[in-house]
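This report refers to the structure that appears directly beneath it.
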Amino acid sequence: MDDKTEVLEREQLDIEILRDVNLRLPAVVPREAFPAVPLTVDARLQTRAVGQRATRPDCRMHGLGQTKYIDDIKLPGMLYARIKRAGISSARIKRIDTSAAEAMPGVMAVVIGEEIPVNSFGPTFQDQPVLAADRVFHAGDGVAAVAAVTEQIANEALEKIVVEYEPLPAVFDPVEAMRDVAPKVHAPNSNIYASKVVRIGDVEKGFAVSDHIFEGRFSTQMIEHVSLEPHAAIADWDATGRLTIYATIGRITLARADMARTLKLPMSRIRLIGTTVGGNFGGKNEISQEPALALLSKKTGRPVKSVFTRSEEFTSSTTRHPIIMDYKSGVTKEGRIVARQIRLVLDGGAYCSWSATTLGKACILSPGPYKIDNVLTEAFVVYTNKTMTGAMRGFGAPQVCFAYESHMDDIAKGLGKDQLEIRLLNAFDEGSSSPTGQVLHSVVVKETLNKAAARFGWESQS
Amino acid sequence: MKRRGRGIGCMWYPIGFTVDANPSAATVKVNEDGTATVLTGTVETGQGALTVLGQIAAEALGIATDDVHVVSGDTDVTPMDTGAIASRTTYVTGNAIYLAAEAAKAILFEAAAPMLGVKPSQLEAKDRMIQVKNFPQRAVTIGEVAFRSQVVLGQPAIGSATWNPPTVAMDPETGQGKPFATYVYATQIAEVDVDDETGEVEVLRICAAHDCGTAINPMLVEGQVEGGISMGVGMALQEEMLFDANGRIVNPSLTNYIMPTSLDMPEIHVDIVQGFDPTGPFGAKGVGEPTAVPTAAAILNAIHDAVGVRITALPATAEKVLAAIKAKKGALKQIPR
Amino acid sequence: MTDVTLTVNGQTRSASVPPETTLLVLLREHLNLTGAKLGCDVGDCGACTVIVDGMAVNSCLMLAGQANGRNVTTIEGLATRDRLHPVQKAFEDTGALQCGFCGPGAIMASKALLDDNPNPSVKEIRDALSGSLCRCTGYTKMIDAVQEAARVLRNEATKELTDART
């Protein structure tokens, strides 16, 4: 049976009929016509638009299964690419032999690191290669990219690529990595690749006048974004030498700049299309495979698509920084925080990515939303030969919040104070100064504490 | 035996980049019938940014959300945007869109003023009309004005704008400065049951009170809170990437990387605290990341309240909690008489 | 090559595919039904969920050949020219879809539940959704949506019964 003769009727669905909109509705719906249960469709028709529970037209498409994510896009002649992953955490690449892969039927092109015109990128330090050319820094590093007529052939071709590694010393623990004797991940640079300090008042004096001192060490784990949609991209050139990239990247302006840099192209020759992305959470804020796909597309003269496997999402995309957090607070017997000293060590993975930003935010936020006259926070981010840590929802805030709030409860317990009362005693007010000396506005910490407590039914127990 | 506990997590979180410029640019085009198209370089990554940005433009132009179409995510067509990151879209891109809409509206007011016999500064846009402030009886539809402006007067109502949060660089020695233009605040309170024989933690309910400035779309704010809490539950109790002695990930799959399913979610009560911020579009700030910040803290504090053990290394798996409970019992037994 | 003939969304479709082809790949690549998504390819995430002979199934775990002669419903088969399926409408109206990638799978799992159990408890809804991973929504609004859809479907069934009687 020829299934080309059976065309789905869905293309003919009249979406307008489904929207059920009466265009003669007045702009403001008269009060008598308000339904007992607000209909969210009506919310889109109100002319005070702010504050409406408006439904999303893109969700209409999602619910129908009609949204085209990158993996749903097929271009004529499109090839499928896969990337060979190093599988070793620290090594020198002695030799890459792609000839057997290139000879396979169905394999159209192979690209390796040294073919990338500028093989480095990164939002702060450009320490990350598109494809590892002579050094591997973590097991998920890509060392070669293959484009073939089917994904299956591309997968098989990966196994035919021969890479000879000379293993090098590696370090996996950030505290270890801070020591002088530790192997240098990006030699000759120190493993401590960024640091930050926030200092106000004098913590030693503050501790000296405190009634009680509390200390604690807290640590968090490496976490992956797990967007349901994996990283995906399509690269395509037109006959005028213009490159189009469809990508799951949430920052297409930056992505275009990075493509221009890595491929040495003027920006006017690059078009970055950010499709509807199936979840980002910070993990899709920089390029990864796109320049390699662009070169594969250029070599073959055909569009090239690649979608990360779920395994690559873990091994080869950014993750949340594990942080080791040391807290020391001096408090009065009433529970007012007089001084707080904090030290943060962030596991910075193999490349910087968004670590400098994470470091900065974690450092600034680490004392918590509390009025403290004497603060000293020192934060460091350290290279290790593990998956690169980058931007993930909160940039260090969830980690330090876990620490400062656990610490606060330890203080409350130690003083016999109620956990809500002690926070209300210390929390910012409108016009309070942050630890960086900024005068804060639109401050509603106490409102959120009281609101949540009322909703919860929190009865004080001190 | 199951022991109940409650814990508070309270937090603050900034909107936008740390000190560094992170501008957004936007263009608002009013069509000849009074509906509008918005061009933004941001990318929809699921949070509903395009809907919220459309609501901001609609509010500024006095039209309905449904009258606005938002085009995004194409460097050939849409202006630059620093991107969907750092919870900045509603605040920074929103401000750019607000300013662009105001610029388009100014062109409309120039066209409408002679139609209504007043100065442009006496006009406002409301309910799909351009009307005189405090004398709304004198009004004309936005469609008529837009048509006249573009087709008759030759002045299409297109407005473009950029916006960047004002910051002050931080001193390298002391960190003193104004790294962000605004912050949001929130509290989550968790109630848990801890089984003191297995170490299993069940999160029963979380009451979340979140500040987002003005809530442009409360339904989407709730969605962010609920989604953020699910990430927080995972961070608190389940998720961990594990490495072997050679630095290779042991669990690169969803079979062995445990994250929350529908069975792991508590009852969630969301209260939006509207901390109006005059520097944001219609008082809005942001909400995307803050929702994932205090959850683990609240849950771990609740575990502490329930069974008196302080887990200091996340995740608080059942094994860890049980080991801590046993250690505590053991320590108590060892107190010399 | 394996020849497969099956009913998809009420229409007979057929294709000739390599024997290791999964039902998911058959639907997406050969029948151009891209609603079901590839999230993990090993049955962990549920983004590929479709209904086969009345049962919600991870289509990445079923071979195309195993679907031969069977009745498959995908997300594309729910709406008609006149209306959205109540589950789709409820997901949209309650805000239960954010990035939408898990949506088709979650909606099909919900439909399979409601086809079987028109008045599910919250626990039964959570169980039915437990195979659909979602990172955006926290599942809360999905549960509301399924309850709303159940209500609408029960009312329609009652109305049909009443209409039939009069």
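The values are calculated or read from the model by the stated rules, or taken from the named source; none is laboratory data. Quantities reported herein were computed from a predicted structural model and do not represent experimental measurements. Here Cβ is always computed from backbone atoms with ideal geometry, including for glycine, and neighbour counts include all displayed protein chains.
Being out of contact with any helix residue (DSSP H, G or I) (no Cβ under 7 Å at 6 or more places or on another chain), outside the structural domain of A:Cys352 (by TED's automatic domain parsing) and of a type in the set (Gly, Ala, Ser) is a property that A:Gly274 lacks. The helices (runs of 4 or more DSSP H) located wholly in the stretch C:23-135 that include 3 or more residues which are closer than 30 Å to A:Leu79 by Cβ occupy C:103-116. Of all residues in the stretch C:22-47, those satisfying the criterion of being more than 8 Å from chain A (Cβ to nearest Cβ), over 24 Å from C:Ala128 (Cβ atoms) and buried (at least 20 other Cβ atoms within 10 Å of the Cβ) are C:Val25, C:Leu26. Within the stretch A:211-229, identify whether any single residue is in contact (Cβ under 8 Å) with a residue 40 or more places away in the chain, farther than 30 Å from B:Leu237 by Cα and either away from chain B (no Cβ under 12 Å) or out of contact with any Ser or Thr (no Cβ under 7 Å at 6 or more places or on another chain) (or both), and answer yes or no. Yes: one or more hits. Residues that are of a type in the set (Gly, Ala, Ser), in a helix (DSSP H, G or I), in contact with a Pro (Cβ under 7 Å, 6 or more places away or on another chain) and more than 30 Å from B:Glu44 (Cα to Cα) occur at least once in the stretch C:145-153.
Selection of the stretch A:291-324 for residues being closer than 30 Å to A:Ser219 by Cβ and touching a His at 6+ places or on another chain (Cβ under 9 Å) yields A:Phe308, A:Glu312, A:Glu313, A:Thr315, A:Ser316, A:Ser317, A:Thr318, A:Thr319, A:Arg320. Residues that are within 28 Å of B:Glu240 (Cα to Cα) number at least 3 in the following helices (runs of 4 or more DSSP H) confined to the stretch A:233-321: A:310-315. Candidates in the stretch B:233-271 are the residues that are under 18 Å from the mean Cα position of the chain (by Cα) and facing chain A (nearest Cβ under 7 Å); of these, the one that is surrounded by the fewest Cβ atoms within 10 Å (Cβ to Cβ) is B:His269. Residue pairs whose Cβ atoms lie under 6 Å apart, separated by 6 or more positions or on different chains, with the first residue in the stretch B:150-174 and closer than 26 Å to A:Pro435 by Cα and not assigned by TED's automatic domain parsing to the domain that holds B:Leu108 and the second crowded, with 16+ Cβ neighbours inside 10 Å and basic (Lys, Arg), are B:Thr167/B:Lys178; B:Val168/B:Lys178; B:Thr174/A:Arg199.
Would you confirm, using the coordinates I've provided, whether A:Val185 is touching a residue at least 24 places away in the same chain (Cβ under 8 Å), crowded, with 19+ Cβ neighbours inside 10 Å and not in a loop (DSSP other than H, G, I, E, B)? In short, no.
For the condition touching a helix residue (DSSP H, G or I) at 6+ places or on another chain (Cβ under 8 Å), surrounded by fewer than 20 Cβ atoms within 10 Å (Cβ to Cβ), at pLDDT 95 or above and not acidic (Asp, Glu), A:Leu449 does not qualify. Among the residues making up the stretch B:272-295, those that are surrounded by fewer than 24 Cβ atoms within 10 Å (Cβ to Cβ) and either among the aromatic types (Phe, Trp, Tyr) or touching a residue at least 40 places away in the same chain (Cβ under 8 Å) (or both) are B:Ile272, B:Val273, B:Gln274, B:Phe276, B:Thr279, B:Phe282, B:Gly283.
Looking at A:Val382, is it more than 9 Å from chain B (Cβ to nearest Cβ) and in contact with a Pro (Cβ under 6 Å, 6 or more places away or on another chain)? Yes; evaluated as a whole, the condition is true for this residue. Residues in the stretch B:18-50 that are crowded, with 24+ Cβ neighbours inside 10 Å, assigned to a loop (DSSP other than H, G, I, E, B) and of a type outside the set (S, T, N, Q): 5 in all. Taking the stretch B:154-213 as the region of interest, the strands (runs of 3 or more DSSP E) fully inside it that hold 2 or more residues being surrounded by fewer than 20 Cβ atoms within 10 Å (Cβ to Cβ) and out of contact with any helix residue (DSSP H, G or I) (no Cβ under 8 Å at 6 or more places or on another chain) are B:201-211.
Does any residue of the stretch A:168-181 turn out to be without any contact (Cβ under 8 Å) to a residue 24 or more places away in the chain, under 22 Å from B:Met241 (Cβ atoms), in the same structural domain as A:Thr384 (by TED's automatic domain parsing) and in a loop (DSSP other than H, G, I, E, B)? No; the residues of the stretch A:168-181 include none that is without any contact (Cβ under 8 Å) to a residue 24 or more places away in the chain, under 22 Å from B:Met241 (Cβ atoms), in the same structural domain as A:Thr384 (by TED's automatic domain parsing) and in a loop (DSSP other than H, G, I, E, B). Summed over the stretch A:129-152, the residues that are hydrophobic (A, V, I, L, M, F, W, C) and surrounded by fewer than 20 Cβ atoms within 10 Å (Cβ to Cβ) give a count of 2. Check whether at least one residue in the stretch A:414-430 is at the interface with chain B (Cβ under 9 Å from one of its Cβ atoms), over 20 Å from B:Ile229 (Cβ atoms) and in a helix (DSSP H, G or I), and report yes or no. No, every residue in the stretch A:414-430 fails to be at the interface with chain B (Cβ under 9 Å from one of its Cβ atoms), over 20 Å from B:Ile229 (Cβ atoms) and in a helix (DSSP H, G or I).
Within the option set B:Ala313, B:Ala331, being surrounded by fewer than 18 Cβ atoms within 10 Å (Cβ to Cβ), of a type in the set (A, V, I, L, M, F, W, C) and facing another protein chain (nearest Cβ under 7 Å) holds for one residue only, B:Ala313.
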